[in-house]
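Each value in this text was obtained by applying a stated rule to the coordinates, not by laboratory testing. Small disclaimer: the values here were computed from a predicted structure and weren't measured. Neighbour counts run over all protein chains shown; Cβ positions are idealised from the backbone, glycine included.
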Amino acid sequence: MKEKISEKLWLDLASEGYEMTHGLDKSWNPIFKVTDKNGKSVTFTESIWRNLIGETPENYFKRIKKEISEAFEDKNRLKIQEEREKTFGEKLVGLDFNPSGNSQVARAKQLCAELADLVNDNYIDVVDRKGSDYSSIRQRLYQHSIGEILNAQMNVVKMLTF
């Protein structure tokens with residue numbers, strides 16, 4: 001029954017303009033990828049296939065189409081969020097640069113970006129209230145703090161990936 005359902009699903013989705021491929025993820029777990037007409041894709045794990053037992057093909061088709069549709073909507077929402085202007089801290093630490101996709105690296109960069117934004121926002125607020133020539137010492141402290149945050153972020157990433 002499982003093979004017939006997956007074959008029918010593939011034919012049904014293909015008739016609606018979706019392209020489906022299958023393979024293995026980095027951990028050698030079976031996955032399948034659904035790509036729409038615009039080239040946007042969503043990847044599902046094998047666990048979705050395990051949920052087929054006892055489910056009628058009609059219910060399965062309705063559910064899987066809904067899940068695929070919701071996954072594409074979620075991806076579009078994420079893309080809209082990605083298009084927002086990056087903060088000073090996010091630019092400083094290169095928040096989007098994480099070729100390994102390591103979640104610990106992403107978290108370290110996010111924390112350092114937040115810290116850099118905190119320092120930057122405070123510095124701008126004080127300069128706005130007291131004038132740009134408020135204190136050369138404060139300006140040096142600001143520049144040094146930002147440099148140290150960047151240095152810490154790079155060292156933490158090195159430690160996490162070494």
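Cα centroids of the stretch 122-162 and the stretch 90-115: how far apart, whole angstrom?
Cα centroid of the stretch 122-162 versus Cα centroid of the stretch 90-115: 17 Å apart.
Output the pairs from LYS62/LYS109; LYS26/LYS109; LYS33/LYS158; LYS26/LYS66; LYS66/LYS91 with a Cα-Cα distance over 30 Å in this structure; if there are none, say none.
Long pairs (Cα-Cα over 30 Å): LYS62/LYS109; LYS33/LYS158; LYS66/LYS91.
Based only on Cα atoms, what mean projected area does the convex hull of the stretch 97-162 have, in nm²?
Mean shadow area of the hull around the Cα atoms is 4.6 nm².
Counting Lys and Arg as +1 and Asp and Glu as -1, what is the net charge of the other residues whose Cβ lies under 12 Å from the Cβ of LYS91?
-2
Taking 0.36 nm per residue of separation and subtracting the Cα-Cα distance, what length does fully extending ILE124 through LEU160 add? The partial results should precede the final answer.
Numbers: separation 36, 0.36 × 36 = 12.96 nm, distance 3.22 nm.
Extending this stretch completely gives an extra 9.7 nm.
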